[in-house]
Amino acid sequence: METGYLASTITFIFKGAITTILIWAVTMLGSIPISILLSFLYPLKIKALNAILALYTSMIRGTPLLFQLFFVYFGLPILFDITLSSFLSAGITFINSWVAYITEIIRGGLESIDKGQFDAAKVLGFNYFQMMTRIIFPQVISRILPAITNQSIEIIYCTALLSTIGISDLLRNTKSLVIRDLNITPFLIAGIIYFVFNSLQISIFRRIEYKFNKYKYGNSKDPKDLKKI
């Protein structure tokens with residue numbers, strides 16, 4: 001295989017990979033803070049608000065991501081005369097979708113916390129914000145990180161849908177080279193990029209999870225040797 005061909009192939013695929021990673025970053029940075037804010041509202045037990053949040057998450061989880069992507073990119077110009085760029089449409093769609101999923105994950109984590117801890121925090125004089133940030137949420141993070149890791153990886157997989165609205169992502173650039181050259185080498189390069197990036201994600205999340213294990217385990221540095229509290 002010619003060195004020049006390989007170099008040009010890698011360069012073209014990496015251009016698509018940058019777009020893929022940008023969408024992933026936008027989605028993570030946009031969805032996690034919003035999800036945390038929304039999940040903080042559930043313990044307040046405001047029926048009307050909780051009903052709205054439940055309806056929102058049900059609608060998002062009940063429709064395919066591709067449908068949501070098409071609605072934002074093709075539907076908004078028709079309904080409201082709002083025309084967005086393909087990248088902005090993808091960012092809004094992905095953030096909106098993952099807010100629903102991550103909010104539900106955090107809500108499940110909150111419900112797994114013993115109710116006595118909420119009562120104890122109130123008795124000790126903590127206000128709601130202090131209780132959530134200092135006592136409850138650190139424990140929630142340690143419990144939901146594996147699920148958050150899976151969602152983070154899922155974002156990368158779903159970026160393959162970006163090509164449907166004309167975005168040149170990692171997979172689209174790869175496929176165009178394979179079709180043009182009738183050579184599977186671009187697929188191999190793309191597979192390596194997917195694998196390396198997802199492996200890095202898993203490694204980072206595992207380090208974060210290890211740091212938060214102090215909220216689940218005792219003083220030992222090796223959680224495997226301890227029983228959960």
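Long hydrophobic helices in the chain: the complete DSSP H runs spanning 15 Å or more by Cα along their own axis with mean Kyte-Doolittle hydropathy of at least 0.5 are 3-39, 47-61, 86-111, 137-158, 185-211. Using a Gaussian network model of the chain in which every pair of alpha carbons under 10 angstrom is joined by a spring, one finds that among L37, L161, L69 the greatest mean-square fluctuation is at L37. Using bins of 5 Å that start at zero, the share of Cα-Cα pairs per bin across the stretch 1-65 amounts to 3, 14, 13, 14, 13, 9, 8, 6, 6, 5, 4, 3, 1, 0, in whole %. For the stretch 51-138, would you read off the P(r) tail past 14 Å as a percentage of all alpha carbon pairs? Counting pairs separated by more than 14 Å, the tail of P(r) holds 72 percent. Each listed q (0.08 Å⁻¹) maps to a log10 I(q)/I(0) for the chain from the Debye sum over equal C-alpha point scatterers, namely -0.40. Cα convex hull, the stretch 117-198: 111 Å³ per residue, rounded to a whole number. Summing charges over all other residues whose Cβ lies under 13 Å from the Cβ of Y101, with Lys and Arg as +1 and Asp and Glu as -1, gives 0. When you restrict to C-alpha pairs under 8 Å that are six or more residues apart and normalise by the size of the stretch 16-225, the relative contact order lands at 28 percent. Exceedance of the 25 Å cut-off in Cα-Cα distance is limited, within the set K45/K211; K15/K211; K47/K122; K45/K115, to K45/K211; K15/K211.
Taking each DSSP H run with n ≥ 4 as -39500 (n - 2.57) and averaging over every residue of the chain yields -23500 deg cm²/dmol at 222 nm.
For the stretch 40-73, the residues whose backbone nitrogen is under 20 Å from a point 7 Å from the Cα of N127, taken along Cα to Cβ, are 40-46.
FYI, it's all coordinate maths here, none of it is from the lab. Just so we're clear, the structure is a prediction, and the values are computed from it rather than from any experiment. Don't worry about glycine lacking a Cβ; one is built from the backbone with ideal geometry, like all the others, and counts go over all protein chains shown.
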